[in-house]
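Working notes for the structure below.
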Amino acid sequence: MSTNTATTPTGTLHKGAILTIVLVSYFMILLDNSVIFTALPSLQADLGLSSAELAWVQDAYTLVFGGLLLLGARAGDILGRKPVFIFGLVVFAVASLLIALSPAAWWIISARALQGIGAAIVAPSALSLITVSFEGEERTRAVAWYSATAGIGASLGLVVGGAAASWFSWRAGFFINVPIGLAMILLAPKYLPQTPKLPGRFDIAGAITSTLGIGSLVFAILNAAENGWGSPATIAGFIAAAVILAAFVFAEARAAQPIMPLRLFASRVRTGAYVARLLYMATMIGFFFFLSQYMQEALGFSALQAGLAFLPMTLVNFAVAVFIPRISRRFGDTATLIVGIALTLVGIFWLSRITVDSSYLTAVALPMLVVGVGQGFAFAPLTNFGISGATASDAGAASGIVNTFHQVGSSLGLGVLVAVGSSAASGIDNAPLAIAAEASTALETASIFLLIALIVAVALVAPATKRRP
């Protein structure tokens, strides 16, 4: 990681410190997005949660995070990314403390929603700060580190969650964010650059309709996983999402200063990157969710062992990500992206062959390594293409859309995969057999997501980038 400094009109820019603060803060968000998975059984037992309450512990965070990302990005543009970023860190750290102290279901669900607000503020500002602080080759390296953090954070969250649950308590996985968040809050005012506050006002109509529309869609998918696609709440959620999102597009087309400028979708490269990212994350959330359960319930791993089982993939992911700038310079971002998605597809389909009698080494670990390589290849170009060609005034909106599609892809993907997996496991009384069937079917479906993502990359991103001089 570079430690260069540069002089700007506002003073000396400590690029190493900026990147460290941004990446550590972003890592906290990613950590708490996955730390919950390996901690769910002990959390449920400690607080006496029902199955529905347990689902909302994750859903509350996902719904709020995905629904408010665009508003968080717009806030950074208007109020300045530095103060907005710091405020988001404060909210996130406070929410983490409240989660760790939770005495009951209503408390932890509310605190997870508050944590989602903090995450929605920090995430788009993090990528925007990288965009405005680095240029050229330095930006390529910074985005590579950012992308590596995105891939590694989810895996390490499973390890941290498993270790906390096995050695201490599920609460420790959230307590750890408090000192880290405090350190970043203290360092950010000194090292983060001041960005100009863009004139304008908040797009209130866009903020309300985007939040409610995305929230309704995510709710409908998640509710379908629990209560069925034909339940009144599910149908109402889909209808509400369609109406509200149509109103959102109408409002953005008419707004003078929209939170999601529709002109950003005029680029085939950016649009392809957004759609491919959504499908890619729909796959990866299922990968972590189902494999963690499969290893514990079918292979007999402890929570810690299940978390550690992801480490080989994490190490490979990190190693590949370090060399991605060099690989991209030689072969180009387009080829790197296509190879990354294709390798991930191979690994996920291989994993979908698991049964209750499978060996960890051949049925899980080896395909995990393939997924790790593919993820290391795919994330950086997906991020680069998502902000490609965006002007400085659109940087916050572009990064907000990148993160929105990232989070919404996770939310929608998990809902669909849980529904499909549950259907495959219905009628199976043996728990190991049930989770094996559920995981296998879900991963087969995830392979279809990746195949579509590959087609999108080849059809939209590749032709457009090939025409560039």
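No value in this document is a laboratory result; all are computed from the given coordinates. Predicted model only: the values in this text are computed from it and were never measured. Cβ: placed from backbone, ideal geometry, glycine included. Neighbour counts: every protein chain shown.
Determine, for each peptide in 203-213, 406-416, the mean count of other beta carbons within 10 angstrom over its residues, then list the peptides with the highest first.
On the way: 203-213: 20.5, 406-416: 25.4.
Going by the mean number of other Cβ atoms within 10 Å, highest first, we get 406-416, 203-213.
Does anyone have the angle between helix 51-79 and the longest principal axis of the chain? Alpha-carbon axes, 0 to 90°, nearest 10?
Orientation of helix 51-79: about 10 degrees from the principal axis.
Does region 352-416 come out rounded, prolate or oblate, given a ≥ b ≥ c as the square roots of the eigenvalues of its C-alpha gyration tensor, rounded meaning a/c under 1.5 and, failing that, prolate meaning a/b above b/c? Before the final figure, lay out each step's value.
Working: a/c = 6.08, a/b = 2.26, b/c = 2.69.
Oblate, because a/c is 1.5 or more while a/b does not exceed b/c.
To test your reading of the geometry: what angle, between 0 and 90 degrees and rounded to tens, separates the Cα axis of helix 232-254 from the longest principal axis of the chain?
10 degrees
Figure the gain on full extension for Ile208 and Ala45 (residue separation times 0.36 nm, minus the Cα-Cα span) and round it to one decimal in nm. If you can, show how the numbers build up before the last one.
On the way: separation 163, 0.36 × 163 = 58.68 nm, distance 3.66 nm.
Using 0.36 nm per residue and subtracting the Cα-Cα distance, I get 55.0 nm.
With a 10 Å Cβ neighbour count serving as the proxy for reagent exposure, in which order, fewest first, do Arg268, Arg201 appear? Before the final figure, lay out each step's value.
Numbers: Arg268 17, Arg201 9.
Lowest to highest Cβ neighbour count: Arg201, Arg268.
Which label belongs to the value computed from this structure, given these candidates for Rg and Dmax of the Cα atoms in Å: (1) 20.9, 67; (2) 28.4, 86; (3) 23.9, 81?
(1)
For the pair Arg329/Val178, report the inter-label distance in nm, with labels modelled 7 Å from Cα in the Cβ direction.
Here the answer is 4.5 nm between the modelled labels.
Does anyone have the angle between helix 311-331 and the longest principal axis of the chain? Alpha-carbon axes, 0 to 90°, nearest 10?
40 degrees
Starting from the Cα gyration tensor of region 130-280, take the square roots of the eigenvalues, sort them a ≥ b ≥ c, and report rounded, prolate or oblate (rounded when a/c is under 1.5, otherwise prolate if a/b is larger than b/c, else oblate). Spell out each step's value before the answer.
Numbers: a/c = 1.85, a/b = 1.12, b/c = 1.65.
Oblate shape, in that a/c is at least 1.5 and b/c is the bigger or equal ratio.
Highest mean first, how do 281-289, 102-110 rank when packing is the count of other Cβ atoms within 10 Å averaged over residues?
On the way: 281-289: 25.2, 102-110: 16.3.
Ranked by mean Cβ neighbours within 10 Å, highest first: 281-289, 102-110.
Thinking of region 203-258 as a set of Cα atoms, what percent of all their pairs are more than 15 Å apart?
Numbers: 709 of 1540 pairs.
Above the 15 Å cut-off, region 203-258 has 46 percent of its Cα pairs.
Roughly speaking, what is the stretch gain from Phe168 to Leu97, that is 0.36 nm per residue apart minus the C-alpha to C-alpha distance, in nm to one decimal? Working shown, then result.
Working: separation 71, 0.36 × 71 = 25.56 nm, distance 1.61 nm.
Working it through step by step, the gained length comes to 23.9 nm.
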